[in-house]
Every structure is written in structure tokens, then in C-alpha cells.
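The values are calculated or read from the model by the stated rules, or taken from the named source; none is laboratory data. Because the structure is predicted, anything quoted here is derived from the model rather than measured. Note: ideal-geometry Cβ built from the backbone for every residue, glycine included; neighbour counts use all protein chains shown.
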Ligand SMILES: [Cu+2]
């Protein structure tokens, strides 16, 4: 006489806890050897000038290799990276994005300088800029135009 074996219902929906708890060590070991860039906080204060404007953003590198911002381009007009030295500013080339670090463009410091704008950007519009990096290639950023007095919240 054959016995029917009741199929055992296996609950496969159990939670699988992915291995966490090893995330405290810096990711500078093998496997994190490439630059890994992301851009955040991009904005342009609505310019007062018809042809010139500044732009700000933060490039974050989560990878273990540094990268460099070699140039910036935009269909809106000419754009270069500037750094502020004392009370004047000068064009900056080959700005480093350190491994596990940031390249910060912010009011009062380094900034993107738009010149010879084809038309004046208005609040609510977006200006597209392309950031060209030595290793990571081109990153396209949509930069929203904010009010002339806009100031981003800082802090962590
Ligand atoms: Cu400038």
C-alpha cells in the first residue's frame, strides 16, 4: 500500500537579511577602484545680467580613484569653471574630484561661469550643462534656475 506523502509547504517568503554590518570600513579595497561620480544640488541663481550667470553644484566621488573635471560646455552659451582667489576670480582647469571626496561649486567659492549667454535664463527654467571628466566621460546636468537670492540649505 502506497502512502501519499503530503507535500511540505515551504515558506520561501522569509526575509533574507542581506549582509550588512560590514559597511564601516572605507571602500578602498579591490572592486572600488574606479571613480564613481554623481552630481547633486545643481542650481543657477537667476542672473541680473543678460549675458553672464553663475552656476553651482557638487560632484561627489564614491569611488576609490580620483577624477578630474577637464572642461564644461553648455548650449546656453560659453561656460568655464572659475575659482575665487581673494576678491577676484580666475579660470580653473583640471579640478580634482578626490577619491571618496567632493568637488564643490558654491556661492563665494568655485563656480561655473556662464558668459555670452544666448538669452537670459529665467527662474523656473533649466540650463543644461555638460561636465567633462578625464576618466568618467561626460555627465549632463540639468541646472534649475532659482531666484536671484536663492541659497541652498547646507549642513548634513
Ligand atoms: Cu567667475
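Per-structure values
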| quantity | calculated |
| --- | --- |
| Number of the condition not met by residue 92 [criteria: (1) surrounded by fewer than 16 Cβ atoms within 10 Å (Cβ to Cβ); (2) at negative phi; (3) over 15 Å from the mean Cα position of the chain (by Cα)] | (1) |
| Residue that is surrounded by the most Cβ atoms within 10 Å (Cβ to Cβ) [pool: residues in region 53-79 that are outside any strand (DSSP E or B) and touching a residue at least 40 places away in the same chain (Cβ under 8 Å)] | 76 |
| Pair list, Cβ under 8 Å, 6 or more apart: region 82-100 residue farther than 21 Å from residue 40 by Cβ, other residue modelled with pLDDT of 95 or more and more than 11 Å from the ligand (Cβ to nearest atom) | 93/70; 93/71; 94/68; 94/69; 94/70; 94/134 |
| Residue ID - farthest from residue 61 (Cα to Cα), chosen from residues in region 108-120 that are surrounded by 13 or more Cβ atoms within 10 Å (Cβ to Cβ) and within 16 Å of the ligand (Cβ to nearest atom) | 117 |
| Some residue of region 130-137 being part of a strand (DSSP E or B) and either without any contact (Cβ under 8 Å) to a residue 60 or more places away in the chain or touching a helix residue (DSSP H, G or I) at 6+ places or on another chain (Cβ under 6 Å) (or both) | yes |
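Table: residues versus (1) at pLDDT 95 or above; (2) away from the ligand (no atom under 16 Å from the Cβ).
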| residue | (1), (2) |
| --- | --- |
| 68 | yes, yes |
| 77 | yes, no |
| 87 | no, no |
| 132 | yes, yes |
